[in-house]
Amino acid sequence: MGAERQHFELDAERVEAILAAGRGRAGSGEVSSIVARARDGEGLSCEEAATLWFSEIDHEALYHAARASLARRAVALETFSPLYMTNTCDAECRMCGMRRDNDALVRKTAPLEQVEGQLQTLKKRGMNAVALLTGEYRAERRGWAIDFVNQALRRTEQLDFGHVLINIGSLDPDELDALLDGISRHADGSIAPKITMCTFQETYSRDYYGRFMGQSDDNPRADYDRRLANFDRARDAGMRVANPGVLIGLNPDIAFEMTALILHTRHLLEAGMEVYLSVPRLRQTAGGLSPRGASDEEFIRLVSLLALAVPDGKLVLTTREPKEIQQKLVPICTVLSAGSASVTPYTEDGAQFPLETSQFEVIDQRPFEDILAEYAADGSEIVNFASPRSPA
Ligand code: SF4
């Protein structure tokens, strides 16, 4: 499986030094030449990305630079649908509807047969990529979740899904082996189907991480360092695709989060992984008050800068965002995920979106066929989606 590489560690002082240097350069005359190079697809250093973040250049100018940069290479739009297998969780993340102490959430765990039925429904509807989601559990309950997801994962391989994302929290090496048990591997030991490990750090600030994810030892999500190294452990176990992310709105210092996410992404790319990046904004939850995490202008600025800074990364946008923001940002993103954040919600032609069983509110509740049809209207292929609906 190859030599083990050094696991990622975030040097917060280095991030602060990058931000200080970026702030210092933001008023200099070099801003337009940095934008011009990025528009030509040359990428941005972390310091250049910080410079542009703090500069007076308007978010629309950065957006158009990102569009021009992406127009230089053929980037097809990919998609996937989330499939929550349960909404139980042992963790206590303050911003999340699934936190264990949220009495407003109606708990539900789908039987495996129902999960399999949902996978078949998604396939029948032309969706060929799926994210399997559970909560995060204490060590004594993790075996149950890993076995549950392993069974579903095996089924996705039998059904020949083109991409499967796993979002079940941080795992130890023996747990990763159990998760991937029975899944085909290449001769070098790497996993054969495209399976992505998703563990968003949510915030790279230790301070904000502690405030939102908790600090007690019996909270499986509270260990910042264990989570930070999860992709490296997944790589050691044979996985080759990672999806780090930041929940925008936990830490008001968005420039810090952007810089840390770029550093993390570069580490994973250098380790030979394909990297998807997520920057969802905070949303409403049952029993919680989650304001929107950033203004539309800040959000467009952030997504544009990430598109310019890491042209090899794949930015993920979701239907948590309203239709207008999706339509604006899809041209500079690689992936639009569409579906419901409730447990086993899919029907033959749509989905249910009850907030009382959902991790968070989904703003755009149209069937994914309708959402994706808008982007396929010009005849472009959408990776991992082939609508069986006849053209009107
Ligand atoms: S964010 Fe994840 S780990 Fe935290 S409470 Fe929600 S489901 Fe659980």
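The values are calculated or read from the model by the stated rules, or taken from the named source; none is laboratory data. Computed from a predicted structure; not experimentally measured. Positions of Cβ are generated from backbone atoms using ideal geometry, with glycine treated the same way; all protein chains shown enter the neighbour counts. Remember, those area values only see protein heavy atoms, side chains included, never the ligands or the DNA or RNA. Shrake-Rupley method; radii C 1.70, N 1.55, O 1.52, S 1.80 Å.
Just need the relative contact order of region 220-335 here, percent rounded to a whole number, with Cα pairs under 8 Å and 6+ apart.
Relative contact order comes out at 23 percent.
Counting each DSSP H run of 4 or more residues in the chain as -39500 (n - 2.57), what helix-only mean residue ellipticity at 222 nm follows after dividing by all residues, to the nearest 500 deg cm²/dmol?
On the way: 14 runs with 152 residues, N = 392.
So the helix-based figure for the chain works out to -11500 deg cm²/dmol.
Which whole-number percent of Cα pairs in the chain have a distance greater than 37 Å?
Distances greater than 37 Å cover 17 percent of the Cα pairs.
Just by accessible area at a 1.4 angstrom probe, what is the order of 13, 113, 78, 356 from largest to smallest?
My answer, sorted largest first, is 13, 113, 356, 78.
Give the relative contact order (percent, whole number) for region 12-383; include only Cα pairs under 8 Å separated by 6+ residues.
Normalised by residue count, the contact order of region 12-383 is 22 percent.
How much of the accessible area of the chain, in percent, comes from carbon and sulfur atoms when a 1.4 Å probe is used?
On the chain, the fraction of accessible area on carbon and sulfur atoms equals 47 percent.
On a C-alpha basis, how far is the centre of region 178-257 from the centre of region 120-167 in Å? Whole number, if you could?
Centre-to-centre distance over Cα atoms comes out at 17 Å.
Any idea of the accessible area per residue across the chain, 1.4 Å probe, to the nearest Å²?
Details: 15390 Å² over 392 residues.
Result: 39 Å² per residue.
Report the Cys residues of the chain lacking a disulfide-compatible partner, meaning no second Cys Cβ under 4.7 Å from their Cβ.
Those would be 46, 89, 198, 333, since no other cysteine Cβ in the chain comes under 4.7 Å of theirs.
Could you work out how far the C-alpha centroid of region 341-392 sits from that of region 42-59, in angstrom?
What the calculation gives is 34 Å, centre to centre.
With charges only on Cβ, +1 for K and R and -1 for D and E, what is the dipole size of region 110-215 about its Cα centre, in debye, rounded to 20?
Numbers: 12 positive and 15 negative charges, 91 e Å.
The dipole magnitude comes to about 440 debye.
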